[in-house]
Each structure stands twice: as structure tokens, then as C-alpha cells.
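Taking it in order: structure first as C-alpha cells, then the write-up.
The values are calculated or read from the model by the stated rules, or taken from the named source; none is laboratory data. Note that the structure is predicted; figures quoted are calculated from it, not measured. Quick reminder, even Gly has a Cβ in these numbers, built from the backbone with ideal geometry, and neighbours come from all protein chains shown. For accessibility, only protein heavy atoms count, side chains too; no ligands or nucleic acids. Shrake-Rupley method; radii C 1.70, N 1.55, O 1.52, S 1.80 Å.
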Amino acid sequence: MTTISNSTLCIAPEANMTLCFSFFRPLLALALWAVMPAASAFLLSTQANNDPRPSPITSPSGLVVVSGSATATDNGIPNQYPGKVVCIGRNGCNFGPVASPFLTGGFRFNIVMNCVENPPANCQYGADTSVSVNNGMTWDQAIIAWRARHGNSISRYNAYTYSRDNTRRMCTSWATYAIPGGFYLLPGADSCGPPPIPPNQCNVGGGPIVLDHGPLKVGEITGKTVEVTRQITCTRTADVMYTLASGNPINLGNGILSTLSINGVNVGLVTRFPGGTSNFKITSTLTDQGAVAGPFSKTIVLIQYLL
């Protein structure tokens, strides 16, 4: 006889002996996974735009600024910047993007992003693009603190400052800084390229120009000249074209024409000026086209184009 219950199977081959086997329902096997948050993982980057203009910092002179951005992106690679935060000579300091271009001779010029204070060293006390950190933090923790204050990215109109006169390579970086102490540029967080080129300008000094030929004799007009000297200041070497709405030569009336030239080059053609301040001559040369006695004059506007 075979008897089957929910848990036991008994077999009785002989009356005096019973063999029983117990069957145990197996417990439900549970697989438990602990879902751990991924480690912080950030890539720091900076960008300087090619839109140079005079710096709002009045001292030192020769500074130029460009707009730009700074970004701390979660890229899935933890500890991309290994080690601990470095505050030079201090336990605590500021952390954020900076301009760090290479100057003539290989020196680096460091200034805090969006610094417009005079003197600019005051920005090392802290800026609206930085966050406070300390030597006990990892770089990822410093970046987390920066993101908690500024978000993933910031941009500024006066982002990055550099020297107009001797910047050889324009760099933007991430750094710690303080007073006293100085800048520590985080290795691997540089972005470098050719310096943005400031827009060229040429400004002519002096007031209105009067070219007065004085009294003239009929028959002795052609070839008569008069000239005025002015100063011109250009940011750098410039090719300039001057034009006249009325055209060149100019009809002065009474049968007399005037041809204007700049440094011996007729208006309407290209004249080259060196960088810096130099003198140039504006000359009027007359031509007799059947001149008759009487006064003559003409007011014109000389238009300057930088090529």
C-alpha cells in the first residue's frame, strides 16, 4: 500500500515494516541586490569665445576680455582628477575657472573668471564663479560643491582676461586660489589655443581738416598742392581705405578740381598704417579745368574703412 500525503510518502512492503520519506517544500529563494549610487564622475571644461574687447579692469593696462563658459559635466569616470584638493599655503581656499594664458617667455598670467575688480588680485578673496573648498576634500567633492552652488555650467560676458600685448597662447583652466597663497592649476583641466585677436581700430587725432590753397593765379593752378599733417593711432598694422561720397577728384567749382591723397596714395585706394601712433599727410592737388576768377570751396566727409 502506498500512501501519499502533502509531506510524507510511506511504503509498507511488509505488515511489520513501514518506510517513510519526508518531502519538504523548498523555501522561496530570494536574490537580493543592493543598488548603490554611482560614484561622482566629472569632466571639467572651459571655453573662451573669440569676441575680444577692452577689459573693464583699468589697471594694469593692455588687458582684453572675452566672454566664455565653464562646465562640470558628469561623464561616468570617477576620480578623473585623483588626489586631494591643493590650497597653496592654506587649509582652505577658493575653487573655480580662471584665465591662465601663456605670456612671452613662458610665464602664465592667472586671473579669476569674470574678475572686474581693481586691482584684479582682489578677486582671489572669492568671486561669483568660485566656491570654498579645503585640503581634506577630493577633487570630485570640490566639483560637487561647485555644482551645488553654480549648477552644471556658467557663462559670463567678462569671462576670461588676457594680455593684449604679449599673450602667446590663450588658456583657460580650473584652479584653487587664495590670498595669501596663489593659484594651483588643476592638471588636466586646461583648454588652450591661439589668443583671440582684438578688433583693430584706427583713430585720427585733431579736429576738422582745412585745406586752404590761398590766392591763386589763373594759368598757375594745375599742380598746386597744400597738405595737413595729422596723427593716427592703430591697434596694429592696418590696411585702410578712405573714400568720398562725392568721388575723387572733387569739383570745387569755378573750373577747379581737387584730388585728395593720404600719404601720397589717392583717396579710394588702400593705405597701410603701422601699429601704434604715426603721422600721416592729407594732400589736396589742384587741376585747372577752365578756371575762372572767383572764390571756391567745398565741404566733404572723408570715410575710413578698415580692411
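Brief remarks on what is shown
- Debye intensity ratio I(q)/I(0), log10, the chain, q values 0.06 Å⁻¹ (C-alpha model): -0.46
- Packing-based order for 175-185, 295-305, using average beta carbon neighbours within 10 Å, highest first: 175-185, 295-305
- N203 paired with D128, simple spin-label distance in nm, labels 7 Å along Cα-to-beta-carbon: 2.8
- Available extension along the chain between T229 and D51 is 60.7 nm, counting 0.36 nm per residue and deducting the alpha carbon span.
- With every protein chain in place, region 203-261: carbon and sulfur % of accessible area (1.4 Å): 50
- q = 0.15, 0.20 Å⁻¹: log10 I(q)/I(0) that the Debye formula gives for region 42-193, counting C-alpha atoms only: -0.71, -1.26
- Packing here is the average count of other Cβ atoms within 10 Å per residue, and on that basis the peptides 207-217, 258-268, highest first, run 258-268, 207-217.
- Look at the alpha carbon pairs under 8 Å that are at least 6 residues apart: their mean separation over the length of region 202-306 gives a relative contact order of 36 percent.
- With the charge dipole of region 202-306 set up from +1 on Lys and Arg Cβ and -1 on Asp and Glu Cβ about the Cα centre, the Cα lying farthest toward the positive end among the listed residues V218, T287, Q304 is that of Q304.
- Net length gained if the chain between N79 and T277 were fully extended (0.36 nm per residue, minus Cα distance): 66.0 nm
- Simple Cβ-charge dipole of the chain, Lys/Arg +1 and Asp/Glu -1, about Cα centre, in debye nearest 20: 400
- Largest-first ellipsoid semi-axes for region 132-204, taking √(5λ) over the Cα gyration tensor eigenvalues, angstrom: 31, 15, 12
- Three principal axis extents of region 53-119 based on alpha-carbon atoms, in descending order, are 41, 29, 26 Å.
- Remark: spin-label model distance T259-Q289 equals 1.3 nm, labels positioned 7 Å along the Cα→Cβ axis.
- Seen against the Cα atoms of the chain and their longest principal axis, helix 139-150 is set at about 60 degrees.
- Relative contact order of region 63-196, pairs being alpha-carbon contacts under 8 Å that are 6 or more residues apart, as %: 39
- Per residue solvent-accessible surface (Å²) - region 42-193, probe of 1.4 Å: 44
- Value of [θ]222 nm, deg cm²/dmol, for the chain, DSSP H segments ≥ 4, -39500 (n - 2.57) each, nearest 500: -1000 deg cm²/dmol
- In the context of the full set of protein chains, residues of region 202-306 present 57 Å² of accessible surface per residue (probe radius 1.4 Å, heavy atoms only).
- Considering only the Cα atoms of region 202-306, their convex hull presents on average a projected area of 6.3 nm².
- Whole-percent carbon and sulfur share, accessible surface of region 42-193, 1.4 Å: 51
- Sorting 96-105, 136-145 by average packing, meaning the other beta carbons within 10 Å per residue, from highest down gives 96-105, 136-145.
- Candidate cross-link partners of K224 among the lysines, defined by an alpha-carbon separation under 21 Å and a same-chain spacing of 8 or more, comprise K281, K298.
- Difference of contour (0.36 nm per residue) and Cα-Cα distance, Q304 to N166: 46.9 nm
- Relative contact order, percent, the chain [alpha-carbon distance under 8 Å, six or more residues apart]: 15
- Cα-based radius of gyration of region 121-278 once divided by 2.2 N^0.38 Å, which approximates compact folds: 1.89
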